[in-house]
Structure formats: structure tokens, C-alpha cells
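Here's the structure we're looking at; comments come further down.
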Ligand code: HEC
């Protein structure tokens, strides 16, 4: 009856599920999906902020993949800034944002005109300089 495999299967299932596995047949596979880690936070996209227009919409389109709550820009800025989310800052000037984006800064690559036009970058910079737009929460990134 191939019962020699049953105790191992039950042990492995119990280890992963941390739950009672009463049967000796090891057929608990279906339950693993329910016992997984909590889902990752959803990335911020235009779909999650459909009300955004102008500079805010362009910031979401071009910058938030790195400067959102789980982005690498947020993580790295968190090492040297108290407020790591650009949208939560009250001390950015449009000129600073534009030169950081065009020249690159630290680990941020420069963003050429072919990717974000001068007009779009100006709108984004004006949006950030007019901040803060959101609360600076600790959820903004590590540290
Ligand atoms: C590929 C990822 C990435 C993208 C896309 C990106 N950034 Fe960054 N940004 C970074 C990283 C990483 C840093 C931190 C650099 C460091 O300190 O090493 C940073 C830093 C900055 C800073 C400096 C903040 C400060 O106080 O010094 C500004 C301003 C900035 N980004 C603006 C923008 C804007 C505007 C856009 C969109 C047009 C953008 N970034 C898109 C990764 C990105």
C-alpha cells in the first residue's frame, strides 16, 4: 500500500501548515495556499489613483515605481532623509527636482528628454514643489 511515504508527507505538510494533519495520507496540499504569507501591498498606478491629473498623474506614470512606498528610491532616500516619500516632502523646489531627474542623483539614473519631456518634468516638479500632498508616515519606507 506504499504506506512508507505517509509519515514523511504528513510531517512536511504539518511543518508548512503548522496545523493538525490528522490523516496519515499526506493529502493536505490544497491548504498551503491559504497558509501563505500576507500579500504584497499593491503598487500605486493610475488605476489605484484614478482621480490624479496633471503633474500628479505624470508623477505616478514616470516616478512612482521607484518613489512609491515600496520603491527603491524611497528606500534609499530613507537612509538620509527623515521624509522618504517625495510626495510627503515640504522642502523640494522645482529646480532641484528637475536637475535631480535630468542629471541623475546618487543611485537614481538620469531621465532623458526622450523619456520624460521638459513640459512633463516641469509639471511633475511643480507638483512636488507644491507639496506635501500626503502624510509622511513610517509606512513610507524603511527607517
Ligand atoms: C529607477 C528608479 C527611479 C525613477 C524612475 C525615479 N527615481 Fe528619483 N530617485 C531614485 C533613487 C534611487 C533616488 C535616491 C538617490 C540616492 O540618494 O542615492 C532618487 C532620488 C530622487 C530625488 C532626490 C531627493 C533628494 O532630496 O535628494 C529627486 C528630487 C527625485 N528622485 C525625483 C524623481 C522624479 C521627479 C522622477 C520621475 C520623473 C524620479 N525621481 C524617478 C530612483 C528613481
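The values are calculated or read from the model by the stated rules, or taken from the named source; none is laboratory data. Only a predicted model underlies this, so the values are computations on that prediction, with no experimental measurement involved. Neighbour counts run over all protein chains shown; Cβ positions are idealised from the backbone, glycine included.
Tabulated data for the structure shown
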{"quantity": "Selection count, segment 85-94, where residues are within 9 Å of the ligand (Cβ to nearest atom) and crowded, with 17+ Cβ neighbours inside 10 Å", "calculated": "3"}
{"quantity": "Residue match in segment 40-49 (condition: modelled with pLDDT of 90 or more, surrounded by fewer than 18 Cβ atoms within 10 Å (Cβ to Cβ) and not assigned by TED's automatic domain parsing to the domain that holds residue 133)", "calculated": "yes"}
{"quantity": "Members of segment 112-125 found to be surrounded by fewer than 17 Cβ atoms within 10 Å (Cβ to Cβ) and near the ligand (Cβ under 10 Å from one of its atoms), listed by number", "calculated": "115"}
{"quantity": "Selection count, segment 48-59, where residues are closer than 20 Å to residue 135 by Cβ and within 10 Å of the ligand (Cβ to nearest atom)", "calculated": "2"}
{"quantity": "Residues of segment 103-129 that turn out to be touching a residue at least 12 places away in the same chain (Cβ under 8 Å) and closer than 23 Å to residue 88 by Cβ, as a count", "calculated": "15"}
{"quantity": "Among residues of segment 61-76, those that are within 22 Å of residue 120 (Cβ to Cβ) and either near the ligand (Cβ under 7 Å from one of its atoms) or surrounded by 17 or more Cβ atoms within 10 Å (Cβ to Cβ) (or both), counted", "calculated": "11"}
